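Engineer: Just dropping this structure here.
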Amino acid sequence: MRTFTFIAITLLAGAIAGTILSTINQGIVEPFIEKAIALENQKAMSSGEMINPTQFENYRIWQKGGEIAAGTILGLSLGALFGLVFAYARDSIPASSNKKKALILAVIMLFVLYIVPALKYPANPPAVGDPATISYRQSQYIGFLAISGFSALGLAFLYRKLGKDGKHEAKKILVPAIYGAIMIVAYAAMPPNPDPITAPMDLVIGFRIASGFTMGIFWALLGIILGTFWDKLKPHETTRVRTL
Amino acid sequence: MSLRNDQAAKTTTGVSKKAVAILLVVLAFGVFMVGFDQGEVFGFSVPADGSGSPSGTNWAHEFYHDMRHAAGLPCH
């Protein structure tokens with residue numbers, strides 16, 4: 001593997017996908033965040049807190065700029081993980097091109113790292129989470145995410161160990177079934193989010209759909225971009241030798 | 001680019017330890033900064049939000065606030 005090319009395309013794919021994510025979020029997710037923050041402000045003002053509208057508007061512009069930067073950083077970091085997993089898993093994914101292989105892996109990673117954790121601890125807009133419980137909620141989320149991620153990783157090794165020779169066709173049902181069983185037990189065992197939802201449910205559900213939609217776009221883009229780079233630059237090819 | 005008929009590509013699937021280390025550092029730093037930092041990384045510094053608040057304010061959390069929500073990560 002050519003190290004520099006591999007690292008460069010991995011990080012570049014992540015940065016591009018992450019920046020696109022944060023840019024489309026400005027139009028798709030931000031309207032829900034704005035509504036939720038307006039509710040928070042109403043609540044704060046009704047309890048006697050003073051909010052300067054001009055100052056607050058400038059603060060929100062600063063936060064939206066931060067979202068763009070955060071998208072790039074998050075894209076870089078998830079891209080780094082995706083590139084590593086793809087480098088090790090590429091040979092085991094049945095598809096005719098690296099672009100198709102990367103897209104298949106991206107869908108699996110979206111499922112394991114976003115959709116499954118969201119079934120237990122779904123995305124919430126501002127106005128839902130209590131600042132006093134943030135550390136507890138983070139530990140819950142990390143715990144469930146780790147169970148999902150490491151279970152999938154371990155089962156991927158098992159899937160590979162069972163071989164490609166067709167003797168173990170049952171693995172195609174067995175391995176996903178084991179993952180499903182682990183996550184059902186984890187779902188039942190882990191405590192629920194401690195914060196009650198006091199915001200309107202149409203706002204919360206709309207936010208969750210918007211978040212899921214843009215995260216789906218992000219993972220698909222990450223797969224397509226890295227797969228395209230991989231097909232073009234072939235970082236796994238170290239040398240080309242002349243044959244007789 | 002396609003190979004000429006008289007050439008063959010030598011391929012390796014192994015990833016160098018250096019690449020693994022660099023990418024894991026990027027992963028850990030980025031996910032922690034955007035997803036979970038509560039002032040641990042830049043908490044010592046003066047806020048960059050123009051508020052004039054003293055150092056120790058959790059401004060990095062506020063800066064990444066919207067993406068944290070949008071990515072489904074826990075936030076206040």
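Table: residues versus (1) modelled with pLDDT under 95; (2) among the acidic types (Asp, Glu); (3) more than 22 Å from A:Ile24 (Cα to Cα).
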position	(1), (2), (3)
A:Glu67	no, yes, no
A:Ser77	no, no, no
A:Ala80	no, no, no
A:Ala89	yes, no, yes
A:Pro94	yes, no, yes
A:Ser97	no, no, yes
A:Val112	no, no, yes
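Engineer: Take the residues of the stretch A:115-134 that are touching a residue at least 12 places away in the same chain (Cβ under 8 Å) and in a helix (DSSP H, G or I): which is nearest to the other protein chains (Cβ to nearest Cβ)?
Structural biologist: A:Ala118
Engineer: Touching a residue at least 60 places away in the same chain (Cβ under 8 Å) and out of contact with any Cys (no Cβ under 9 Å at 6 or more places or on another chain) - does that describe any residue in the stretch A:41-49?
Structural biologist: Yes, the stretch A:41-49 contains at least one residue that is touching a residue at least 60 places away in the same chain (Cβ under 8 Å) and out of contact with any Cys (no Cβ under 9 Å at 6 or more places or on another chain).
Engineer: With A:Pro194, A:Pro235 as the choices, which residue is touching a Ser or Thr at 6+ places or on another chain (Cβ under 7 Å), within 13 Å of another protein chain (Cβ to nearest Cβ) and more than 30 Å from A:Gly129 (Cα to Cα)?
Structural biologist: A:Pro235
Engineer: Please specify each residue of the stretch A:40-84 satisfying the condition of being of a type in the set (A, V, I, L, M, F, W, C), surrounded by 17 or more Cβ atoms within 10 Å (Cβ to Cβ), more than 7 Å from every other protein chain (Cβ to nearest Cβ) and more than 15 Å from B:His69 (Cα to Cα).
Structural biologist: If the condition is that a residue be of a type in the set (A, V, I, L, M, F, W, C), surrounded by 17 or more Cβ atoms within 10 Å (Cβ to Cβ), more than 7 Å from every other protein chain (Cβ to nearest Cβ) and more than 15 Å from B:His69 (Cα to Cα), then A:Leu78, A:Phe82 are the ones that fit.
Engineer: With in a helix (DSSP H, G or I), over 30 Å from A:Gly65 (Cβ atoms) and at pLDDT 90 or above as the only criterion, which of B:Val34, B:Val20 stands out?
Structural biologist: When all the criteria are applied, what remains is B:Val20.
The values are calculated or read from the model by the stated rules, or taken from the named source; none is laboratory data. Treat the numbers as computed from the prediction; the structure is a model and nothing was measured. Counting neighbours? That spans all protein chains shown, and the Cβs are built from the backbone with ideal geometry, glycine included.
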